[in-house]
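Structure, as structure tokens:
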Amino acid sequence: MLGHVRLTLHRSITFWSGILVMAFICWLWRDSFQWASAYTASRATLTNARGGMSMHWIGVPSDWSGSYTPAKGGLSRERDRGAKDYARLQRPFFLRGLGRPLPPPPPAQAKSPSVYEMLVENYSHVPPRFWIIFAPHWLIVLAFAALWIVLLLWRAKRRKAHS
């Protein structure tokens, strides 16, 4: 008989899964400054661009009498040449359309505004049933790291109780 063998951290599926997920999130973060990737399904679009992930919702009003043709679903990917002008650490936000009339186009700016400033301007001219939520990658990394550490500590406590 071999007796009791204590499993170490390097043999933990939680540990290695966490490493893979963390590497994937960091790759998404880096990729978001070179490419704008989006997945569209009906009225929702999930986007990875300019330092974060966002979900856009195009709402159809309840009193809508016409026909609604949802956007063609699928994955799209294009080079994001303006992304290098944006800060690496964006802030999280939620915006809803304000339905204001379109103003005349502003003069060209030397430097792009933050993602938040750009979308505040864009969303002030769409109906209130449209909304967007933006989660920067640094926040996703922190949230996952906290969950991963809690799971590893729970695993260690559980293993200690069984010893």
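Structure summary
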{"item": "R0 of 22 Å, Cβ-Cβ distance TRP35-ARG88: FRET efficiency to nearest 0.05", "result": "0.90"}
{"item": "ILE133/THR14 FRET efficiency (R0 30 Å; Cβ-Cβ; nearest 0.05)", "result": "0.60"}
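Since every read-out is calculated from the coordinates, none of them should be taken as a lab result. Not measured: the values here are computed from a predicted model. Neighbour counts run over all protein chains shown; Cβ positions are idealised from the backbone, glycine included.
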